[in-house]
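These notes concern the structure reproduced below.
The values are calculated or read from the model by the stated rules, or taken from the named source; none is laboratory data. Just so it is clear, the model here is predicted, and its values are computed rather than measured. For neighbour counting, all protein chains shown are included, and Cβ atoms are generated from backbone atoms with ideal geometry for every residue, glycine included. Areas reflect the complete protein model, heavy atoms only, side chains present, ligands, DNA and RNA absent. Shrake-Rupley method; radii C 1.70, N 1.55, O 1.52, S 1.80 Å.
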Amino acid sequence: MARFDDAEYRQFREWLVQQYGLDFGPERRDILRARLEPTRRELGFEDFHQLLFHLKYHPDREGDRGRLLRHLTNNESYFFREPAQLDVLREEILPALRTRAREQGRPVRLMSAGCASGEEAYTLAMIVDQSPLRLGEEAVVTGVDVDESALARAREGSYRDNAFRRIPPDMRRRYFQSADGTTRIEPRLVENVDFRRANLVDPASWAGIPPQHVIFCRNVLIYFDDSATRRAVRILHDALVPGGYLFLGHAESLSRVPTPLVTERRPGTVFHRRPEG
């Protein structure tokens, strides 16, 4: 493993926060070095200075940035995570949005931001499919992530057993088919969930994504520093329609983030809303 000096660590940490919001503080310095090392070796660079210069300036840098992101980000997820939030969506929010959507003649839009390999986005699609809303017509589900390799896995819709540790058995029977050691989601759901690349700290990458009624962005901001969290929350706020709903992970709080989002509480969960008007 190549030497990782103070200057290399500082420069990589600053670039990753600026580019992706990912913060590898001093206590995670060794983790950062270990996660950079495979990309350095794959690309054949002698040291981390050369790797950073390449990732910043090379004309073909986007593909190699994607190679790096596969090592830096945690794409571990599973279906029906944090069910109390999903209950609020199912029992309170979707019925209200259905009424509004039919009055306005527009579809309800739901998003998984930081969707990784798609488990959360497909969870939203299954909940919509169980509601009176018609998936793909009256309700549209989108997953966004910065990692193209994770998005490719999401579009494939193929999962291992670990992704199913919280899924209700009836939902697994209804929406999945197993063969050859893998389990694939029903093609109808794959066809009705759109996956796009977007960066939570880069507003330009959100161009062309319609305003959303509901955004789930769970267990993503825990990897950001305060500055990146503020940038991400501004983007998420702007991505919501007035009155739209934002769900974060249980370990994530906006208490230190200046934002017009309003916090609401229900038994067992907290969520945030963009004010009307």
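Of all residues in region 153-181, those that are polar (S, T, N, Q) and surrounded by 14 or more Cβ atoms within 10 Å (Cβ to Cβ) total 1. Of the listed requirements (1) acidic (Asp, Glu); (2) within 23 Å of Gly249 (Cβ to Cβ); (3) at pLDDT 95 or above; (4) surrounded by 15 or more Cβ atoms within 10 Å (Cβ to Cβ), Asp147 misses just one: (3). Candidates Asn199, Asn219: the one that is under 25 Å from Ala139 (Cα atoms), at pLDDT 95 or above and polar (S, T, N, Q) is Asn199. In this structure, does Gly66 turn out to be open to solvent by less than 30 Å² (accessible area, probe 1.4 Å), within 30 Å of Arg40 (Cα to Cα) and in contact with a Gly (Cβ under 6 Å, 6 or more places away or on another chain)? No; evaluated as a whole, the condition is false for this residue. Could you check, for region 241-250, whether at least one of its residues is in contact with a strand residue (DSSP E or B) (Cβ under 6 Å, 6 or more places away or on another chain) and farther than 19 Å from Arg90 by Cβ? Yes. Annotation note: Cβ proximity below 6 Å between a residue of region 5-26 that is surrounded by 14 or more Cβ atoms within 10 Å (Cβ to Cβ) and a residue that is of a type in the set (Phe, Trp, Tyr) and in a helix (DSSP H, G or I) (sequence gap 6+ or interchain) occurs for Glu8/Phe48; Leu22/Tyr223. Evaluate the following for Thr269: is it in contact with a helix residue (DSSP H, G or I) (Cβ under 6 Å, 6 or more places away or on another chain), surrounded by fewer than 19 Cβ atoms within 10 Å (Cβ to Cβ) and over 27 Å from Glu156 (Cβ atoms)? Answer is yes for this residue.
Would you check if there is a residue in region 101-114 being surrounded by 15 or more Cβ atoms within 10 Å (Cβ to Cβ), farther than 18 Å from Glu82 by Cα, touching an Asp or Glu at 6+ places or on another chain (Cβ under 8 Å) and of a type in the set (A, V, I, L, M, F, W, C)? Looking for residues that are surrounded by 15 or more Cβ atoms within 10 Å (Cβ to Cβ), farther than 18 Å from Glu82 by Cα, touching an Asp or Glu at 6+ places or on another chain (Cβ under 8 Å) and of a type in the set (A, V, I, L, M, F, W, C), one finds at least one in region 101-114, hence yes.
Look at (1) open to solvent by 10 Å² or more (accessible area, probe 1.4 Å); (2) of a type in the set (Gly, Ala, Ser); (3) in a helix (DSSP H, G or I) and you find that Ala121 fails only one, number (1).
Is there a residue in region 30-42 that is touching a helix residue (DSSP H, G or I) at 6+ places or on another chain (Cβ under 6 Å) and closer than 17 Å to Asp145 by Cα? No, that holds for no residue. Considering region 66-99 alone, what residues qualify as being within 23 Å of Leu221 (Cα to Cα) and touching a His at 6+ places or on another chain (Cβ under 8 Å)? Residue satisfying the conditions is Glu82 alone.
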